[in-house]
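All remarks here apply to the structure that follows.
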Amino acid sequence: MRTYRTARTVRPSRLLVAAGAALAALSLTACGDGTGMKDEGAAHASVSVAENSRRTDAGRGTDTGTGGNQTSPNGQTGAETSAAGGQQGGSAGQGKGTVGQASKKGGNSLAAADRVTCNGANTAVTMKPVARPLNHMLITVKNTGTKVCDLYYYPTVRFDQVQWAPRVIEESQPQAVVTLAPGESGYAGVLLSAADGSGENGTTAKKATIRFQGSKPGSNGGAVASPSLPAKGVYYDSTLAVTYWQSTIDDALEY
């Protein structure tokens with residue numbers, strides 16, 4: 001009776017040990033054939049997904065360590081780029097403000113009390129023929145003074161010792177007085193002779209004198225100017241005419 005109890009007790013233990021050994025063998029065989037267990041396969045897949053996520057983020061230029069701020073081509077995050085842009089905008093605004101203040105500080109006053117009449121004493125005057133239109137000359141007056149000056153009405157041109165003044169082209173009158181800051185220029189056109197030869201008493205001049213007007217029509221504007229003429233002289237006839245002072249060359253030579 002005692003022998004049978006021992007046999008019955010030992011036999012189940014041996015069966016359990018054998019079963020455990022068989023399971024271990026199956027586990028080793030499964031690992032050795034390269035297929036892997038299901039749990040191990042799931043772990044490998046998680047690593048691959050994480051790696052692909054990092055590669056995708058890098059390709060999109062996203063810094064996953066800064067809460068999703070995009071990284072610009074220069075390596076700055078979106079927040080850094082925004083801050084840099086704000087600083088640049090502020091600097092540009094200060095630059096514009098500085099330019100405006102400098103211009104205001106160095107500008108010349110346009111108040112009537114600070115302005116003078118343009119004349120031969122505060123300007124440089126030239127008088128030269130032009131290719132187009134035919135039979136025309138251009139008078140250029142450049143302000144060489146330190147104050148703003150006004151060119152009133154039109155120049156009075158005299159050739160040689162002639163006492164009569166040329167006709168004024170009334171349709172050339174501008175809407176306002178031409179005002180010149182230091183360094184700026186004003187212009188007037190001179191029609192020398194009729195292109196169709198209809199003019200009379202044609203002659204060649206060797207010398208020219210230009211007189212300036214004051215704020216009242218016909219008044220004396222001050223010192224006269226005597227610009228040089230071409231060595232061969234300037235031919236003119238009875239159709240001689242001048243324009244009002246203009247602010248551009250095109251306006252002066254339009255008539």
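The values are calculated or read from the model by the stated rules, or taken from the named source; none is laboratory data. Just so it is clear, the structure is predicted and the values come from calculations on it, not from any experiment. Methodologically, a virtual Cβ is constructed for each residue, glycine included, from the backbone with ideal geometry; neighbour enumeration extends over all protein chains shown. Heavy atoms of the whole protein, side chains included, go into the accessibility calculation; ligands, DNA and RNA do not. Shrake-Rupley method; radii C 1.70, N 1.55, O 1.52, S 1.80 Å.
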Problem set entry | Filter result (more than 21 Å from Ala223 (Cα to Cα) and either buried (at least 17 other Cβ atoms within 10 Å of the Cβ) or among the aromatic types (Phe, Trp, Tyr) (or both)) within region 167-180 | Ile169, Ser172
Exercise. Right, Tyr255: in contact (Cβ under 8 Å) with a residue 24 or more places away in the chain, crowded, with 19+ Cβ neighbours inside 10 Å and not in a strand (DSSP E or B) or not?
Worked result: no
For this session: Kindly provide the set of residues from region 108-130 that are under 34 Å from the mean Cα position of the chain (by Cα), crowded, with 20+ Cβ neighbours inside 10 Å, hydrophobic (A, V, I, L, M, F, W, C) and part of a strand (DSSP E or B), ordered by number.
Result: Val125
Problem set entry | Among (1) polar (S, T, N, Q); (2) closer than 14 Å to Asn135 by Cα; (3) assigned to a loop (DSSP other than H, G, I, E, B); (4) open to solvent by 50 Å² or more (accessible area, probe 1.4 Å), the one test that Thr204 misses | (3)
For this session: Would you check if there is a residue in region 149-157 being open to solvent by 30 Å² or more (accessible area, probe 1.4 Å) and of a type in the set (Asp, Glu)?
Result: no
Exercise. Does Leu192 satisfy the criteria of being under 14 Å from Asn135 (Cβ atoms), at pLDDT 95 or above and touching a Phe, Trp or Tyr at 6+ places or on another chain (Cβ under 7 Å)?
Worked result: yes
For this session: Mind listing whichever residues of region 236-252 are part of a loop (DSSP other than H, G, I, E, B) and within 30 Å of the chain's Cα centre (by Cα)?
Result: Ser247, Thr248
Problem set entry | Selected residue [more than 21 Å from Leu134 (Cβ to Cβ) and either charged (D, E, K, R) or open to solvent by 40 Å² or more (accessible area, probe 1.4 Å) (or both)] from Gly183, Gly214 | Gly183
